[in-house]
Amino acid sequence: MNQFTSVNDVQDIGQLVKDALALKESPYAHQHLGKNKTLGLVFLNPSLRTRLSTQKAALNLGMNVMVMNMDKEGWALETQDGIVMDGTTVEHIREAAAVMGQYCDVLGLRSFPKLLNRDEDYNEDFFNKFIKYCKVPVVSLESATRHPLQSLADLVTIKETWKGTAKPKVVLAWAPHIKALPQAVPNSFAEWMCKAQQEGMLDFTIAQPRGYELNVDFTQGAHITNDLDEALAGADYIYVKNWSSYEEYGKVLPFTEGWMLTNDKLKPTNDARVMHCLPVRRDLELSSEILDGPNSLVIHEAGNRLWAAQAVLKQMLEKLI
Ligand code: CP
């Protein structure tokens with residue numbers, strides 16, 4: 001694997017899930033792969049899970065790790081070409097990415113969208129320039145439009161916990177929030193679940209209020225509804241997540257009653273397991289009774305971020321050797 005920015009970079013998602021679960025059994029079996037190799041993690045935005053799980057994954061593989069909090073500790077970056085840098089930006093991404101590529105064998109990058117201009121965010125200009133100029137393999141730690149390490153961990157969690165014989169029904173359910181959040185996590189989850197559905201691993205439904213439809217590029221093959229109760233009927237897994245509007249880009253539309261998941265809403269499900277990428281705002285986005293109850297998978301899911309990251313780094317290191 002030369003880069004990991006979306007499900008399209010993965011040859012065989014079933015095999016990658018198996019690799020992650022094998023690493024969970026034997027975390028230190030491949031330490032030789034990372035010997036004398038350095039992972040650089042570049043953050044333009046905050047992180048708890050992605051930062052720690054990816055560092056730990058690299059250490060398990062014998063790698064050295066360096067973390068750069070670009071937003072707080074780096075020079076203000078310019079991304080536009082052909083301009084005179086007489087404003088607030090100090091260093092161009094052409095030099096910054098190229099220099100980091102000199103120090104690292106693999107780079108991870110987190111860069112959230114600004115949610116001001118849809119075309120700008122969905123062009124992934126920053127990410128694409130970083131990949132172009134650093135000249136080493138890049139792992140997405142969440143871009144403007146996708147969070148593939150999260151989605152891989154989510155698929156690992158579903159495959160690991162599903163004990164039924166039929167395919168599980170997986171529902172992505174929009175949830176309320178007070179802030180405008182990116183579409184990266186739901187886009188990516190939808191993209192991975194659509195791929196898993198294509199491969200016969202599960203059935204996938206998305207439920208959201210009108211006005212919160214995701215970009216259709218990410219939802220091909222999903223059953224999509226505005227009726228949460230219809231979506232929840234018979235559900236085995238519910239993936240709760242807020243996102244801002246794609247159509248009215250970056251907007252929080254008028255509050256939509258009845259979309260926060262509670263134990264009462266779980267009644268028509270198949271005793272569904274509830275997932276969330278975290279961080280989560282309790283009793284706004286998801287009820288405490290679910291988070292603290294037996295149906296919650298959120299801590300298990302966050303734990304699997306480690307094995308997802310390790311499986312991806314392992315495939316990259318195998319290419320480098
Ligand atoms: N789920 C997730 O990416 O968490 P962090 O933002 O804390 O890394």
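The values are calculated or read from the model by the stated rules, or taken from the named source; none is laboratory data. Please read these numbers as outputs of a predicted model, since none were measured by experiment. Methodologically, a virtual Cβ is constructed for each residue, glycine included, from the backbone with ideal geometry; neighbour enumeration extends over all protein chains shown. Keep in mind that these areas ignore ligands, DNA and RNA; they rest on the heavy atoms of the full protein, side chains included. Shrake-Rupley method; radii C 1.70, N 1.55, O 1.52, S 1.80 Å.
Among the trypsin sites (Lys or Arg not before Pro) within the range 19-57, which fall in a DSSP loop and have no more than 13 other Cβ atoms within 10 Å of their own Cβ?
Details: sites: K24, K35, K37, R49, R51, K56; in loops: K35, K37.
Of the trypsin sites (Lys or Arg not before Pro), the ones in loops of the range 19-57 whose Cβ has at most 13 other Cβ atoms within 10 Å are K35.
Hey, in the GNM for the chain with a 10 angstrom Cα cutoff, which one of Y249, Y239, Y212 fluctuates hardest?
Greatest mean-square fluctuation among the candidates belongs to Y249.
If I model a spin label at E230 and M85 as a point 7 Å from the Cα along the Cα→Cβ vector, what separation in nanometres do I get?
Label at E230, label at M85, 5.3 nm between them.
Spin-label point model (7 Å from Cα, Cβ direction): what's the E73 to D292 distance in nm?
3.7 nm
Determine the gain in length on full extension of the stretch K35-Q220; use 0.36 nm per residue of separation and subtract their C-alpha separation, reporting nm with one decimal. Let's see the in-between values first.
Details: separation 185, 0.36 × 185 = 66.60 nm, distance 4.09 nm.
Net length gain for the segment: 62.5 nm.
Go ahead and set up a Gaussian network model of the chain, Cα springs under 10 Å, then flag whichever of A222, A308, A96 fluctuates most.
Of A222, A308, A96, the most mobile in the Gaussian network model is A96.
Quick one: Cα convex hull volume of the chain, Å³ per residue?
On the way: hull volume 41.5 nm³, N = 321.
That works out to 129 Å³ per residue.
How much net charge surrounds L214 when only the other residues with a Cβ under 14 Å from the Cβ of L214 are counted, with Lys and Arg +1 and Asp and Glu -1?
Around L214, the surrounding residues sum to -2.
Once you order the gyration tensor axes a ≥ b ≥ c over the Cα atoms, which shape class does the range 159-300 get: rounded for a/c under 1.5, otherwise prolate or oblate by comparing a/b with b/c?
Values: a/c = 1.65, a/b = 1.14, b/c = 1.45.
Oblate.
For every helix of n ≥ 4 consecutive DSSP H residues, a contribution of -39,500 (n - 2.57) applies; sum these over the chain, divide by its total residues, and give [θ] at 222 nm rounded to the nearest 500 deg cm²/dmol. Before the final figure, lay out each step's value.
On the way: 11 runs with 116 residues, N = 321.
The helix contribution divided over the chain gives -11000 deg cm²/dmol.
Specify the inter-centroid distance of the range 96-169 and the range 192-232, based on alpha-carbon positions, in whole Å.
Value for the Cα centre distance between the two parts: 21 Å.
Could you state how much accessible area M260 has, in square angstrom rounded to the nearest 10, with a 1.4 Å probe and all protein chains kept in place?
50 Å²
With springs only between Cα atoms under 10 Å apart, run a GNM on the chain and tell me which of G164, G40, G293 wobbles the most.
Highest fluctuation of the listed residues: G164.
For a quick check: with amide H placed at 1.01 Å from N, whose amide H comes under 5 Å from M260's, ignoring anything fewer than 5 positions away on the same chain?
none
Given the pairs K56/K163; K132/K319; K167/K241; K72/K314; K56/K319; K195/K314, which are separated by over 26 angstrom at their Cα positions? Before the final figure, lay out each step's value.
Numbers: K56/K163 29 Å; K132/K319 19 Å; K167/K241 22 Å; K72/K314 30 Å; K56/K319 20 Å; K195/K314 22 Å.
As for pairs spanning more than 26 Å Cα to Cα, those are K56/K163; K72/K314.
For the range 258-321 and the range 1-19, what is the separation of their C-alpha centers, rounded to whole Å?
Centre-to-centre distance over Cα atoms comes out at 20 Å.
Across the range 199-216, in residue order, what do the Karplus-derived ³J(HN,Hα) couplings come to in whole Hz, using 6.51 cos²θ - 1.76 cosθ + 1.60 with θ = phi - 60° and x for Gly and Pro?
8, x, 8, 6, 10, 10, 10, 10, 10, 8, x, 4, x, 10, 4, 7, 4, 4
Under 5 Å between amide hydrogens, which residues at least 5 positions from L253 or on another chain qualify, with H placed 1.01 Å from N in the peptide plane?
HN-HN under 5 Å from L253: S245.
Heavy-atom accessible area per residue, the chain, 1.4 Å probe: how many Å²?
Details: 14230 Å² over 321 residues.
Accessible area per residue: 44 Å².
If I model the range 223-286 as equal point scatterers sitting on the Cα atoms and use the Debye formula, what is log10 I(q)/I(0) at q = 0.11, 0.24, 0.27 Å⁻¹?
Here log10 of I(q) over I(0) equals -0.28, -1.23, -1.37.
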